[in-house]
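Here the structure is laid out as structure tokens; the discussion comes afterwards.
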Amino acid sequence: MFSEDSQVWHHKIVCNMMREGEFVGFMRAALFLLIASALHADDWPQWLGPQRDGVWRETGIVEKFPDGGPKVLWRVKIGAGYTGPAVAGGKVYLMDRQAAARGDVPGNAFARGIIPGTERVLCLDAKTGTQLWGHRYDCTYTMSYSTGPRCTPLVSDGKLWTVGAEGNLFCLDATNGKVLWSHDFKADFKARTPMWGFAGHPLLDGRRLICLVGGPGSVAMAFDKDSGKELWRALDAREPGYAPPTMIEQGGTKQLILWHPQSVNSLDPATGKVLWSHSWEIRAGLTIATPRLAGDFLLLSSFYTSSKCFRPDGTLVWEGNSFSEKNTDTLHSLMSTPFIENGHIYGVCSYGQLRCLKLETGERVWETMAATTGGPLVRWANAFIVKHEDRFFLANELGDLIIAKMTPQGYEEISRARILKPTTTDPRRAVVWSHPAFANQCVFMRNDEEIVCVSLAK
């Protein structure tokens, strides 16, 4: 909760007061510590938050938006991108893209073009939005859906790691943006740019930085976080997919889950050795949603191919069916990671259906369109789900932030506010497809034109 220095300082205050017999002073110090603890602000330093579980644990957060909506603290113009922000140490980190004036931009989002331009890593002051530093590098895009970078930055111990849409991995000094080391996945490891770019959010495990790479024998690679030295590489597949490396722990044993379009794999995170593997052909390579572990159940979900639920030892518990894009049974997630709580799954399906399923069987409990489109089925309609105390925050593709309760009894919307306008037009409609960050009693959301900081404090 407190830094080592602050702990020492607080201890000295209390000890001095006790020696002097100042009981009143002691009680004041105790009250001060209590208040400081209550006002502690969490960071959001990586994909899905501090524990990578989509849970926001800060206190003092609104239960309902005030009349007129929550207060906007600042707005800052940025370039395009899908990258969600990371917030740590009073700073906001994000990536964007600036296309060159001339570029072969395909009219069909599924087509690949040759699009010159630059990617940027930006660092902003979390209180004001003032840019503190930026790192820019040339980056010609060759993937479809060429708006901008995909991966949320990762911040830890004064370092920042970023992965661009064409496979540029950087380790930067989080204070000033100085490049400490870097890798080019295509040049260094013979990887090929996936159809929709490099999108697997990097994972930190001790001194190991684990990334989706995709070259021969290197679907996943582990690097020394401080030096960039290769520690191990593992798995071979036609393409690496997009699902981020995911760490689970069961019975005191850690497993690294790597889900690429041909199989689900469990690896020893220390060595990259395969512990178990389950073949699973995924149409169009769409392994995107983050695998989720709840108790003795490991859930994976894909747009075309439905869901599968495993035991942590790789035993299949149940699987859904895919009859068509619209006629689906369990859950067919695209980019939104499902949330699991009290034996139930809450997730967004293939055409925007927010569904509740029984975890043990995959049986559907209820369905609603209220959180996404408000009514019609729309291909790939989306909402990101974050849990806070007894309620959820949902950020949909319309730019709305929703406070709602989700239980096996149904969906109950409490409050809604329009935070951003949709700008990304890759799916032939304007959307917001960037995951927000929740930190410092605020939400940080971006589109292709701006990032906004909105207070969610009571």
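Within the range 169-216, if we keep just the residues that are assigned to a strand (DSSP E or B) and of a type in the set (Gly, Ala, Ser), the residue that is surrounded by the most Cβ atoms within 10 Å (Cβ to Cβ) turns out to be GLY214.
Of ASP96, ASP53, ASP104, which residue is at negative phi, in the same structural domain as PHE384 (by TED's automatic domain parsing) and either modelled with pLDDT of 95 or more or in contact with a strand residue (DSSP E or B) (Cβ under 9 Å, 6 or more places away or on another chain) (or both)? Break it down stepwise before answering.
Values: ASP96 fails: in the same structural domain as PHE384 (by TED's automatic domain parsing); ASP104 fails: in the same structural domain as PHE384 (by TED's automatic domain parsing).
One residue alone meets the criteria, ASP53.
Checking each residue in the range 293-310 for being within 23 Å of LEU48 (Cβ to Cβ) and part of a loop (DSSP other than H, G, I, E, B) picks out GLY295, ASP296, PHE303, THR305. Checking each residue in the range 42-88 for being touching a Phe, Trp or Tyr at 6+ places or on another chain (Cβ under 6 Å), of a type in the set (Phe, Trp, Tyr) and within 19 Å of CYS123 (Cα to Cα) picks out TRP44, TYR82. One residue alone among GLY352, GLY375 is touching a Leu at 6+ places or on another chain (Cβ under 7 Å) and either crowded, with 21+ Cβ neighbours inside 10 Å or assigned to a loop (DSSP other than H, G, I, E, B) (or both), and that residue is GLY352.
Quick one: count up the residues across the range 233-251 that are in a loop (DSSP other than H, G, I, E, B), under 20 Å from PHE185 (Cα atoms) and more than 14 Å from the chain's Cα centre (by Cα).
7
Looking at the range 107-133, which of its residues are charged (D, E, K, R) and at pLDDT 95 or above?
GLU119, ARG120, ASP125, LYS127
Does LEU401 meet the test of being crowded, with 16+ Cβ neighbours inside 10 Å, touching an Asp or Glu at 6+ places or on another chain (Cβ under 8 Å) and within 20 Å of ALA370 (Cα to Cα)? No: the conditions fail for LEU401.
Scanning the range 37-50 for residues that are in contact with a Pro (Cβ under 8 Å, 6 or more places away or on another chain) and at pLDDT 95 or above yields a count of 4.
Under the condition of being aliphatic (A, V, I, L, M) and within 16 Å of TYR93 (Cβ to Cβ), which residue from the range 158-168 is surrounded by the fewest Cβ atoms within 10 Å (Cβ to Cβ)?
The first filter runs over the range 158-168 and keeps only residues aliphatic (A, V, I, L, M), leaving 160, 163, 165.
Going one step further and asking which of them are within 16 Å of TYR93 (Cβ to Cβ), we end up with 160, 163.
On the way: LEU160: 24, VAL163: 28.
Step by step, filter the range 158-168, then rank; the result is LEU160.
The values are calculated or read from the model by the stated rules, or taken from the named source; none is laboratory data. On a predicted model such as this, the values are computed, not experimentally measured, just so you know. FYI the Cβ positions are ideal-geometry reconstructions off the backbone, even for glycines, and counts take in every protein chain you see.
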